[in-house]
Amino acid sequence: MASLVAEKLSEIQIGDDMASTAPNLMKNLSLLSPDQVELAKMLLREEQSHLFLHWPEPGVDDDKKRDFFEQVSRLNSSYPGGLIAYIQNSRKLLADSKAGKNPYDGFTPSVPSGEILTFGDDNFNMLEEAGVKEARKAAFVLVAGGLGERLGYKGIKLALPLETTTGRCFLQHYIESILALQEASCKLVQGGCNSEIPLVIMTSDDTHAPTLNLLESNSYFGMKPTQVNLLKQEKVACLDDNDARLALDLNDKFKIQTKPHGHGDVHALLFSSGLLNKWHNAGLRWVLFFQDTNGLLFKAIPAALGVSLTREYHVNSLAVPRKAKEAIGGITKLTHADGRTMVINVEYNQLDPSLRANGHADGDVNCETGYSPFPGNINQLILELQPYIEELTKTQGAIAEFVNPKYKDSSKASFKSSTRLECMMQDYPKTLPPSARVGFTVMETWLAYAPVKNNPEDAAKVPKGNPYHSATSGEMAIYRANSLIMKKAGVEIADPVVDEFNAQEVEVWPRITWSPKWAITFADVKKKVNEKCSVSQRSTMIIKGQNIVLDNLSLDGTLIVHAIDEAEVQVSGCVQNKGWLLEKIDFKDSSLPQETRMRGFKIQKVEQLEVNYSEPGKHLFRA
Ligand code: UTP
């Protein structure tokens, strides 16, 4: 009874408030549904009456007023805790930001423990084998909702060619790699298995339709459509000031301005999708998170999964060696005076000051290996499913957020433009208990990390010695990695030459590519080549097929071998032809497609030897 009275009183209070603070809204109340009236009250309670200042009399723009509340309702339901929580979190984070509060105050940084791998040694090979075996118990999650503003590509990044010899796009490569892992993993189970590794792609309004279209127009690149789930992240409301007043769209005053919330949304989306429990019930044990344009990643996945398994990591962050002060986040253990600890990515501009503040006078410095002891985070995570579900059940997938307003001046009283809260997928471990097993796996950069993030102009400005992270460097990294892997397997691979494309200096290795089903581990490559093979620097070799063996092959030119899975093909002899040339192009040449311009070269196909095997059985090809 008492609570009913209190409710009634507060209704009257809100009604009075509405009449005085939002008279224009009050006049339009009859247009709104009961749910929308509740949302209106919530907005007023959260001091958002400015949203209605311009509302005209009933009868004018009524549809727009209803649309406004449709949007409010969407913003309310897509954020854990609703808009109230969003506004309140914003106020707190904006106050901390204004006060210059460091989120890591009170924490002492130290080097966490993890596994540092060397490609091709016994430990690496053992871990790869263990990882492949385990892959059938994994689900893959690709975060692909980003705008890609730095790259400036007109389409989605997943549709970009990973390299030009085959023109295969990132999404095709990822899907074929997962399918290759699935097949290899099942082969290792006695009697085989028919596991289907699930793939989730997180999209956003900016990427959803083109991602779906890319899948549908390519028959899901061979994956069953039922294996793939698309989860769309919603944007969050923008904020106009330190009081977290929501920003109206400058072009449409009946719309709240929105911006992406960041890839951290993936955890809440996975949780609310119900997929995690479904996977758990199906016996899966791992969830692997990865990003849209790292063409090398799948070379690192089997061994990294092997590390998760053998070290029983709940969280395994993939990392690469990092020079002290290099501009990528470092994986760091943080210990608080009150006993709290976490192993987490700390941005490079926070790591160095934090070390200095904690007795390391020189901050982040290289150790005897020539690298910082804090490995460089590449934002590919492997989580163990069961503890992941337990944690998300507590947090609903909400990830620690941050805000990064651009202030007009040092008083920090107002912003240059609206801001919003953001969250990052790698901040997941922040809420974990100290008992959680959080570690990392360091792989050599040439093997594991070559993202395509920067447009040619910005890449050309990258200081010498730092990675370009451009389409040019991303493609050259594929050829380098494949060449180095073959070299390690015994093939005589000619040294690279240094050349410049789009004003970026890169090593040009032989253009060797293979379909994932040909080899997903080093052991696969070793089985399929021998030390009697050689490849010259100007060569291109494309291997498309599962059972193709290179035996005593000398290549100086271009060779393409294509075989169906049931054909066992042995390729040998001496192949020599004019081959394919890398022709330099100017990225400003608008007569060429953007995909080509952003690389600074195209392939001129002068001459090649192409062999095709479409009949099952054993075949010998001698050039
Ligand atoms: P990036 O750091 O590459 O950001 O994201 P971005 O938004 O794609 O590109 P810029 O910063 O505008 O140039 C890393 C990964 O996270 C995904 C991206 O698609 C990429 O795979 N991402 C990013 C999301 O899924 N959602 C987001 O809100 C942001």
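Tabulated results
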{"quantity": "Strands (runs of 3 or more DSSP E) wholly inside segment 100-210 that include at least 2 residues being β-branched (Val, Ile, Thr)", "calculated": "138-143, 199-204"}
{"quantity": "Test: residue in segment 518-538 that is within 26 Å of Phe221 (Cβ to Cβ), among the polar types (S, T, N, Q) and within 26 Å of the chain's Cα centre (by Cα)", "calculated": "yes"}
{"quantity": "Subset tally (residues that are closer than 20 Å to Gln182 by Cα and either free of Cβ contacts under 8 Å to residues at least 12 places away in the same chain or more than 16 Å from the ligand (Cβ to nearest atom) (or both)) for segment 192-209", "calculated": "7"}
{"quantity": "Count of residues meeting criterion [of a type in the set (Gly, Ala, Ser), within 16 Å of the ligand (Cβ to nearest atom) and open to solvent by less than 10 Å² (accessible area, probe 1.4 Å)] in segment 320-333", "calculated": "1"}
{"quantity": "Among (1) more than 16 Å from the ligand (Cβ to nearest atom); (2) modelled with pLDDT under 95; (3) out of contact with any Leu (no Cβ under 8 Å at 6 or more places or on another chain), the one test that Gly363 misses", "calculated": "(3)"}
{"quantity": "Residue under evaluation Val438, criteria (1) within 15 Å of the ligand (Cβ to nearest atom); (2) buried (at least 17 other Cβ atoms within 10 Å of the Cβ), criterion not met", "calculated": "(1)"}
{"quantity": "Strands (runs of 3 or more DSSP E) wholly inside segment 388-430 containing at least 1 residues that are surrounded by fewer than 19 Cβ atoms within 10 Å (Cβ to Cβ) and more than 16 Å from the ligand (Cβ to nearest atom)", "calculated": "414-419"}
{"quantity": "Residue satisfying all of: in segment 232-246; open to solvent by less than 40 Å² (accessible area, probe 1.4 Å) and under 23 Å from Thr207 (Cβ atoms); nearest to the ligand (Cβ to nearest atom) among these", "calculated": "Gln233"}
{"quantity": "Residue among Ile564, Ile560 that alone is open to solvent by 50 Å² or more (accessible area, probe 1.4 Å), within 35 Å of the chain's Cα centre (by Cα), farther than 30 Å from Gly152 by Cβ and hydrophobic (A, V, I, L, M, F, W, C)", "calculated": "Ile564"}
{"quantity": "Among (1) open to solvent by less than 50 Å² (accessible area, probe 1.4 Å); (2) more than 16 Å from the ligand (Cβ to nearest atom); (3) under 30 Å from Trp518 (Cβ atoms); (4) not in a loop (DSSP other than H, G, I, E, B) - the single one Leu94 does not satisfy", "calculated": "(3)"}
{"quantity": "Pro373 more than 16 Å from the ligand (Cβ to nearest atom) and open to solvent by 30 Å² or more (accessible area, probe 1.4 Å)", "calculated": "yes"}
{"quantity": "Condition met for Phe140 (crowded, with 21+ Cβ neighbours inside 10 Å, under 17 Å from the mean Cα position of the chain (by Cα) and more than 12 Å from the ligand (Cβ to nearest atom))", "calculated": "yes"}
{"quantity": "Flag if Asp35 is touching a Pro at 6+ places or on another chain (Cβ under 9 Å), in a helix (DSSP H, G or I) and either acidic (Asp, Glu) or closer than 30 Å to Gly363 by Cβ (or both)", "calculated": "no"}
{"quantity": "Count of residues meeting criterion [out of contact with any Lys or Arg (no Cβ under 9 Å at 6 or more places or on another chain), open to solvent by 20 Å² or more (accessible area, probe 1.4 Å) and more than 16 Å from the ligand (Cβ to nearest atom)] in segment 247-270", "calculated": "2"}
{"quantity": "Whichever residue in segment 572-589 is more than 16 Å from Ser539 (Cα to Cα) and at pLDDT 95 or above and, among such residues, is least open to solvent (accessible area, probe 1.4 Å)", "calculated": "Ile585"}
{"quantity": "Any hit, segment 594-605, residues being open to solvent by less than 80 Å² (accessible area, probe 1.4 Å), in a loop (DSSP other than H, G, I, E, B) and farther than 24 Å from Ser539 by Cβ", "calculated": "yes"}
{"quantity": "Output for segment 219-228, where each listed residue is among the polar types (S, T, N, Q) and open to solvent by 30 Å² or more (accessible area, probe 1.4 Å)", "calculated": "Ser219, Thr226"}
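This table checks each residue for (1) within 16 Å of the ligand (Cβ to nearest atom); (2) crowded, with 24+ Cβ neighbours inside 10 Å; (3) within 18 Å of the chain's Cα centre (by Cα).
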| position | (1), (2), (3) |
| --- | --- |
| Ser273 | yes, no, no |
| Arg285 | no, no, no |
| Asp292 | yes, yes, yes |
| Lys299 | no, yes, yes |
| Leu309 | no, no, no |
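One line per residue, one yes/no per condition, for (1) of a type in the set (Asp, Glu); (2) closer than 25 Å to Thr293 by Cα:
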| residue | (1), (2) |
| --- | --- |
| Val561 | no, no |
| Lys588 | no, yes |
| Glu595 | yes, yes |
| Gly600 | no, yes |
| Gly617 | no, no |
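This table checks each residue for (1) surrounded by fewer than 20 Cβ atoms within 10 Å (Cβ to Cβ); (2) within 16 Å of the ligand (Cβ to nearest atom); (3) β-branched (Val, Ile, Thr).
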{"position": "Glu128", "(1), (2), (3)": "no, no, no"}
{"position": "Lys133", "(1), (2), (3)": "yes, no, no"}
{"position": "Tyr153", "(1), (2), (3)": "yes, yes, no"}
{"position": "Leu162", "(1), (2), (3)": "no, yes, no"}
{"position": "Leu188", "(1), (2), (3)": "yes, no, no"}
{"position": "Thr211", "(1), (2), (3)": "no, yes, yes"}
{"position": "Leu230", "(1), (2), (3)": "yes, yes, no"}
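The values are calculated or read from the model by the stated rules, or taken from the named source; none is laboratory data. What you see is a predicted model; the values in this text were computed from it and never measured. Ideal geometry is used to build each Cβ from the backbone, glycine not excepted, and the neighbour counts take in all protein chains shown. Just the protein is used for accessible areas: all its heavy atoms, side chains included, with ligands, DNA and RNA removed. Shrake-Rupley method; radii C 1.70, N 1.55, O 1.52, S 1.80 Å.
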